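Asks: The structure that follows is given in the form of structure tokens.
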Amino acid sequence: MENDKISNKKFSLVLGDTELSIEINALAEQANGAALVRYGDTMVLATAVMSQREKPGMGFFPLMVDYEEKYYASGKIKGSRYIKRETRPSDEAILNARLIDRTIRPLFPEWLKREVQTVITVLSWDAQNEPDILGLLGTSLALAVSDIPWNGPTIGVRVGLVNGEYVLNPTYEQRLNSEVDVVFSGIERKGKVIINMIEGGFREAQEDAITKAYDFAKPYIKQLLDFQSEIIKATGKEKEKIAAPAKDQELEEFITGFVGDTLEKALYQREKRISAEKLKNVQETLEKALGEKYPGQEEKIRYASDFIDKEIEKILHENVLKRGLRPDGRKLDQVRDISAQIALVPRAHGSGFFTRGETKCLSILTLGAPGDSQLLEGMEIVGKKRFFHHYNFPPYSVGEVKPMRGPGRREIGHGMLVEKTLLSLMPPIEEFPYTIRVVSEILSSNGSTSQASLSAASLALMDAGVPIKTLATGISLGLITDTQGNYRILTDIQGPEDHYGDMDFKVAGTRTGITAIQMDVKIDGIDERILKETLQRGKEARSFILGEMEKVISRPRPELSPYAPRILTLQINPDKIREVIGPGGKMINEIIDQCGVLIDIEDDGKIFITAEKEESGKKAVEWILNITREVKVGEVFQGKVKRILNFGAFVEILPNQEGMVHISKLTDRRVDKVEDVVKLGDLVQVKVIGIDELGRIDLSMKDAKK
């Protein structure tokens, strides 16, 4: 469809202290829609493309969101010696893509089955302004000005809390000291701004800090939505008219009459397995009947499958809203049965097992040397990472058979959500210099597995003796609404409530406060009233779950596992590092080989010695202390003669430290030849009588006898 309106037009707005500028269709003119967004010197290109035809038999909306980090954006060339091209997306890029996906997905028509792809390319990054929020803004505009059916615009803003003041779009430096780091995405409906996505990390923040952060963000969301509306009005294309599937009244009446109340009976079962089997039987029986009634008409089968899904959704909504009935019979605010266990895996450094209903997670912890930390090299990040949480969701956890491949976006997203939660509770490296890896295996799934993995990982950390501040847990809360504004909040949602409900609100934290929030919706959004009520429900559920976990363990074990390595730390003068390393690494390699340890040296002179046995570590510590010891005048040593010259002998008094005994200081009598008194390899007693400005040590054998 041709665009007969203005194209390549620029728009600008001062947001905070910085100008935000937009260009529409300036570069990617073959895409259905494109927007070039700049804030400071950070620039992002977002594009949106829709396929021309629907994919046959597609039972879901095929949306792809790709967030492309480019090294050129920050003036870098990829550091690998062999690979210079960007390869798979980083975890950070995947998380940014998920953030955008979760915001825009609910705004597409539910009947749209054409493939849609948005690509967000970071062209420039100024190390101050984050490109993820600009990517969301660009994606919203690319979709909104295109001919793709979409019910936007939307926008996200990041809020920080620095020195008691809320800050819009905090810089990287400000975020390091921020008590709150949260993104709120919103849309406007009937003149009112509502929330449709939240992603945030917090330092045990109170519930009112979250609502105050949203109150702060709300006028900026409104301002940016109005700004987008102006751009859409000036440059937007007419939306392509893709008709919703025609309603098959005859088929729907047949299905309704055929299944009767069997759907409701199948859905309302306490056990997931029984419910799944009954629902499958209903579906298979119906398909057989339809095959006999409409032979060869596969589209009838597909229509029936979609209709059954909508009927289940309708049953759930009506029962929850009108009768307060949940599929497993729980009260609306009731958490499923909880159990916890530690030390389940005998040789692991720590392990935790957590069960909530039919959801079960086993987390296993490994402690490693500082050198086991991950070197991060990305467009935005360069540094080291010493704490990891990896989440695995094997097919057997849901009773399925499928290939086992690498982690998908969901696994990475869930793993990082838990990592974000626990990171604020970790001890500083000065107190606990270990690299820590926790792997959470989902053994059985019936909803809220990410929050189960948080609980299990928290238990594993305490079982291992990692001095975390306190236990942490999380809960997923759901929402059931209708078109009249009625709603019910569900605590601890499971399978069907997640799949057919209107919201998934994950809130994690401790008894003190919230550490992470992740919310997405299937409806347009929620208002402040629902936000406040959901946060309060989450607080109550967290308190209950933590009470059950504390019955098993309430503080870290005082001792590490006997199978965990021991790390000894010492501080040396940075000028002595080269002496510890030695020429070509000779000295440090000798210590490693002789003591059976790992050694990590920081530029500031901090040395970490990791050993399987503490005795080996102490031996290496003593060796290094001797190498780096500052010799003082007046000290007496037992040394070995290493070299003999005409004017004296060089004696090694400490590893890699020598001093010279002048021929006149060998003995009280006159000496004609040095060899008359000492020979190579002799052990002699010497006294330090001087150290010059270059650090050269003068020794005396005759003074050592006095």
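Asks: Is there a residue being basic (Lys, Arg) and exposed (fewer than 12 other Cβ atoms within 10 Å of the Cβ) anywhere in the range 631-653?
Replies: Yes, the range 631-653 contains a residue that is basic (Lys, Arg) and exposed (fewer than 12 other Cβ atoms within 10 Å of the Cβ).
Asks: If you take the residues in the range 121-140 that are of a type in the set (A, V, I, L, M, F, W, C) and outside any strand (DSSP E or B), which one is nearest to Val44 (Cα to Cα)?
Replies: Restricting to residues being of a type in the set (A, V, I, L, M, F, W, C) and outside any strand (DSSP E or B), the top hit is Leu134.
Asks: Separate question: Among the residues of the range 664-696, which ones are polar (S, T, N, Q) and under 17 Å from Gly634 (Cα atoms)?
Replies: Matches in the range 664-696: Gln685 only.
Asks: Go through the range 348-369 residue by residue and tally those that are among the charged types (D, E, K, R), modelled with pLDDT of 95 or more and surrounded by fewer than 24 Cβ atoms within 10 Å (Cβ to Cβ).
Replies: Number satisfying all stated conditions: 1.
Asks: Here are some conditions: (1) at pLDDT 95 or above; (2) more than 29 Å from Ile274 (Cα to Cα). Thr491 meets all but one. Which one does it not meet?
Replies: (2)
Asks: Taking interchain pairs and intrachain pairs at least six residues apart, which have beta carbon atoms under 8 angstrom, with the first residue in the range 531-554 and surrounded by fewer than 18 Cβ atoms within 10 Å (Cβ to Cβ) and the second polar (S, T, N, Q) and assigned to a helix (DSSP H, G or I)?
Replies: From residues that are surrounded by fewer than 18 Cβ atoms within 10 Å (Cβ to Cβ), the pairs are Lys532/Thr211.
Asks: Also, quick follow-up: I'm trying to understand the selection: among the residues of the range 179-213, which are touching a residue at least 24 places away in the same chain (Cβ under 8 Å) and not in a strand (DSSP E or B)?
Replies: Scanning the range 179-213 gives Glu179, Gln206, Glu207, Ala209, Ile210, Thr211, Lys212, Ala213.
Asks: Might you let me know whether the range 562-569 holds any residue that is among the hydroxyl-bearing types (Ser, Thr, Tyr) and over 30 Å from Thr512 (Cα atoms)?
Replies: yes
Asks: Next question. Considering only residues that are out of contact with any helix residue (DSSP H, G or I) (no Cβ under 7 Å at 6 or more places or on another chain) and of a type in the set (S, T, N, Q), look in the range 562-609 and name the one that is surrounded by the most Cβ atoms within 10 Å (Cβ to Cβ).
Replies: My answer is Thr569.
Asks: Just the residues that are among the hydrophobic types (A, V, I, L, M, F, W, C) and outside any loop (DSSP other than H, G, I, E, B), please, taken from the range 630-651.
Replies: Val636, Phe637, Val641, Ile644, Leu645, Ala649, Phe650, Val651
Asks: I'd like to verify a number: residues in the range 102-120 that are surrounded by fewer than 21 Cβ atoms within 10 Å (Cβ to Cβ), not hydrophobic (A, V, I, L, M, F, W, C) and not in a loop (DSSP other than H, G, I, E, B), how many?
Replies: 5
Asks: When you go through Asp372, Asp333 one by one, which is the residue that is surrounded by 13 or more Cβ atoms within 10 Å (Cβ to Cβ), acidic (Asp, Glu) and not assigned by TED's automatic domain parsing to the domain that holds Gln451?
Replies: It is Asp333.
Asks: Anything in the range 141-169 that is within 26 Å of Ala73 (Cβ to Cβ), among the β-branched types (Val, Ile, Thr) and assigned to a loop (DSSP other than H, G, I, E, B)? List them, or say none.
Replies: Matches in the range 141-169: Thr154 only.
Asks: Does at least one position in the range 610-629 carry a residue that is without any contact (Cβ under 8 Å) to a residue 60 or more places away in the chain, surrounded by fewer than 12 Cβ atoms within 10 Å (Cβ to Cβ) and assigned to a loop (DSSP other than H, G, I, E, B)?
Replies: No, every residue in the range 610-629 fails to be without any contact (Cβ under 8 Å) to a residue 60 or more places away in the chain, surrounded by fewer than 12 Cβ atoms within 10 Å (Cβ to Cβ) and assigned to a loop (DSSP other than H, G, I, E, B).
Asks: Do you know which residues across the range 595-609 are in contact (Cβ under 8 Å) with a residue 12 or more places away in the chain and outside any strand (DSSP E or B)?
Replies: Result: Cys595, Gly596, Asp603, Asp604, Gly605.
Asks: Arg273 versus (1) in a loop (DSSP other than H, G, I, E, B); (2) under 32 Å from the mean Cα position of the chain (by Cα); (3) outside the structural domain of Ile364 (by TED's automatic domain parsing): which is the lone unmet condition?
Replies: (1)
Asks: I'm trying to understand the selection: among the residues of the range 652-706, which are assigned to a helix (DSSP H, G or I) and touching a residue at least 24 places away in the same chain (Cβ under 8 Å)?
Replies: Scanning the range 652-706 gives Lys665, Val674, Glu675, Asp703, Ala704.
Asks: What number goes with the only condition from (1) outside the structural domain of Gly582 (by TED's automatic domain parsing); (2) among the hydroxyl-bearing types (Ser, Thr, Tyr); (3) within 23 Å of Val580 (Cβ to Cβ) that Ser664 does not pass?
Replies: Here Ser664 meets the rest and fails (3).
Asks: Can you spot a residue in the range 323-330 that is in a helix (DSSP H, G or I) and farther than 30 Å from Thr366 by Cβ?
Replies: Yes.
Asks: Then there's this: Give me the residue from the range 423-438 that is under 22 Å from Arg542 (Cα atoms) and either surrounded by fewer than 23 Cβ atoms within 10 Å (Cβ to Cβ) or without any contact (Cβ under 8 Å) to a residue 60 or more places away in the chain (or both) and, out of that set, nearest to the chain's Cα centre (by Cα).
Replies: Within the range 423-438, the match that is nearest to the chain's Cα centre (by Cα) is Leu423.
Asks: Counting only residues that are among the acidic types (Asp, Glu) and either loosely packed, with under 11 Cβ neighbours inside 10 Å or under 60 Å from the mean Cα position of the chain (by Cα) (or both), how many does the range 674-706 have?
Replies: Residues flagged as among the acidic types (Asp, Glu) and either loosely packed, with under 11 Cβ neighbours inside 10 Å or under 60 Å from the mean Cα position of the chain (by Cα) (or both) within the range 674-706 amount to 3.
Asks: Output the qualifying pairs, or none if there are none: Cβ atoms under 6 angstrom, residues six or more apart or on different chains, first residue in the range 503-522 and free of Cβ contacts under 8 Å to residues at least 12 places away in the same chain, second residue among the aliphatic types (A, V, I, L, M) and buried (at least 24 other Cβ atoms within 10 Å of the Cβ).
Replies: Short answer, once both residue conditions are applied: none.
Asks: Looking at Leu168, Leu141 in this structure, which one is crowded, with 23+ Cβ neighbours inside 10 Å and at negative phi?
Replies: Leu141
Asks: Considering only residues that are assigned to a strand (DSSP E or B) and either surrounded by fewer than 22 Cβ atoms within 10 Å (Cβ to Cβ) or not assigned by TED's automatic domain parsing to the domain that holds Leu225 (or both), which ones fall in the range 24-35?
Replies: Selection gives nothing.
The values are calculated or read from the model by the stated rules, or taken from the named source; none is laboratory data. This structure is a prediction, so every number in the text was calculated from the model and none was measured. Every residue, glycine as well, gets a Cβ built from its backbone with ideal geometry; the counts of neighbours run over all protein chains shown.
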